[in-house]
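Novice: Encoded as structure tokens, here's the structure I'll be asking about.
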């Protein structure tokens with residue numbers, strides 16, 4: 001997996017207080033909210049490729065990620081091999097095999113995103129079946145409807161009305177990844193090979209977690225069609241029940257926030273308006 005060169009000022013990864021790992025080389029700087037480094041070093045007498053995550057953003061919760069991965073015992077989750085004593089500043093995990101789907105599709109024109117969607121949905125359903133003692137997911141702005149003034153200024157008052165009158169009843173909480181989308185999912189040989197970034201995980205709403213996975217991000221080259229979305233939901237539904245109306249509701253709510261900070265991308269906003277028209281009218 002190839003990651004970009006340094007694109008912003010970061011903490012010096014060589015200055016972190018490693019206990020079990022010795023850093024020898026930084027290979028790349030993945031785009032992320034926290035400072036993340038693709039790196040190489042020594043661990044238990046062998047050279048290993050790793051990802052180092054250092055807390056940067058206010059909502060960083062490295063301790064939750066370490067605790068969750070330890071409790072999950074999930075082969076798809078990365079193995080954490082080092083962290084600071086308080087589990088708050090940084091973590092080091094062994095690199096998992098695979099590439100992001102966006103990279104695979106860009107490099108090979110013979111690959112079709114629709115072929116990946118069924119397993120994509122099934123994997124999230126399996127994750128939602130996880131049993132254990134997990135804390136509630138942390139509150140996020142995406143869990144709430146934006147102020148009415150935003151919808152009025154954007155000429156989307158009908159979307160605000162939809163969100164006020166169609167709010168789903170609370171469902172039974174399940175374990176949620178919290179950030180299950182293409183940037184945190186790796187694939188190898190057409191099968192899902194890794195799930196990354198468990199900082200936001202905990203007990204929460206399955207339909208919101210599904211909606212977050214289905215959201216089209218700016219520049220994303222898949223999940224652009226109804227067929228892909230339906231195939232994802234078909235995969236999910238093969239293993240677990242969900243409320244479709246609630247998924248659509250949370251997609252509208254999340255997209256409302258995305259609309260707010262993509263004013264410089266009119267084509268993307270046009271896609272969102274079409275989605276609003278389809279669901280909210």
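Every number here is computed from the coordinates shown, using simple stated rules; none is lab data. These figures come from a predicted structure and were not determined experimentally. In this analysis, Cβ positions are derived from the backbone assuming ideal geometry, glycine residues included, and neighbour counts consider all displayed protein chains.
Novice: Report the residue, chosen from 37, 150, 242, that carries the largest GNM mean-square fluctuation when the chain is represented by alpha-carbon nodes joined by springs under 10 Å.
Specialist: Looking only at 37, 150, 242, the largest GNM fluctuation is found for 150.
Novice: Of all beta bridges DSSP finds with both residues in the chain, what is the antiparallel percent, to the nearest 5? List each step's numbers first, then the result.
Specialist: Numbers: 31 of 32 bridges.
Of those bridges, close to 95 percent are antiparallel.
Novice: Moving on. Helix 62-72: angle to the longest alpha-carbon principal axis of the chain, degrees 0 to 90, nearest 10?
Specialist: Approximately 90 degrees, to the nearest 10.
Novice: Cα-based Rg of the range 213-281 per 2.2 N^0.38 Å, rounded to two decimals?
Specialist: On the way: Rg = 12.6 Å, N = 69, 2.2 N^0.38 = 11.0 Å.
The reported ratio for this selection is 1.15.
Novice: Expressed as an acute angle from 0 to 90° and rounded to the nearest 10, what is the orientation of the C-alpha long axis of helix 266-280 relative to the principal long axis of the chain?
Specialist: Value to nearest ten degrees: 60.
Novice: Let me ask something additional. Just to confirm the number: angle between the C-alpha axis of helix 226-237 and the first principal axis of the chain, 0 to 90 degrees, nearest 10?
Specialist: Helix 226-237 sits roughly 70 degrees off the main axis of the chain.
Novice: Here is a follow-up. Report the percentage of all Cα-Cα pairs in the range 13-94 whose separation exceeds 14 Å, rounded to a whole percent.
Specialist: Numbers: 2007 of 3321 pairs.
Value for the range 13-94: 60 percent of Cα pairs lie more than 14 Å apart.
Novice: Separate question: Could you give the distance between the Cα centres of the range 64-132 and the range 216-269, to the whole Å?
Specialist: 20
Novice: Full-extension gain between residue 15 and residue 152, please, as 0.36 nm times their residue separation minus the C-alpha to C-alpha distance. Don't skip to the answer; put the middle values down first.
Specialist: On the way: separation 137, 0.36 × 137 = 49.32 nm, distance 4.89 nm.
Length difference between fully extended and current span is 44.4 nm.
Novice: For labels at residue 270 and residue 227 in the simple 7 Å Cα→Cβ model, what's the distance in nm?
Specialist: With each label point 7 Å from Cα toward Cβ, the separation is 2.2 nm.
Novice: Also: Roughly speaking, what is the stretch gain from residue 188 to residue 6, that is 0.36 nm per residue apart minus the C-alpha to C-alpha distance, in nm to one decimal?
Specialist: Working: separation 182, 0.36 × 182 = 65.52 nm, distance 2.61 nm.
Between residue 188 and residue 6, full extension yields 62.9 nm more.
Novice: Oh, and also: Kindly identify the chain as rounded, prolate or oblate by the Cα gyration tensor criterion: order the square roots of the eigenvalues as a ≥ b ≥ c, call it rounded if a/c is under 1.5, otherwise compare a/b with b/c, prolate if a/b is larger, else oblate. Don't skip to the end; give the middle numbers.
Specialist: Values: a/c = 1.64, a/b = 1.63, b/c = 1.00.
It comes out prolate by the Cα gyration axes.
Novice: What is the diffusion coefficient of the range 78-195 in µm²/s, taking the Kirkwood radius over Cα pairs and the Stokes-Einstein relation at 4 °C with a viscosity of 1.567 mPa s? All intermediate terms of the calculation are to be shown ahead of the outcome.
Specialist: Values: Rh = 18.2 Å.
Once the numbers are plugged in, D ends up at 71 µm²/s.
Novice: Could you give the radius of gyration (one decimal) and Dmax (whole number) of the Cα atoms in the range 1-144, in Å?
Specialist: 16.8, 49
Novice: Which whole-number percentage describes the relative contact order of the chain, with Cα contacts under 8 Å and a sequence gap of 6 or more? Spell out each step's value before the answer.
Specialist: Working: 456 pairs, mean separation 50.4, N = 281.
Answer for the chain is 18 percent.
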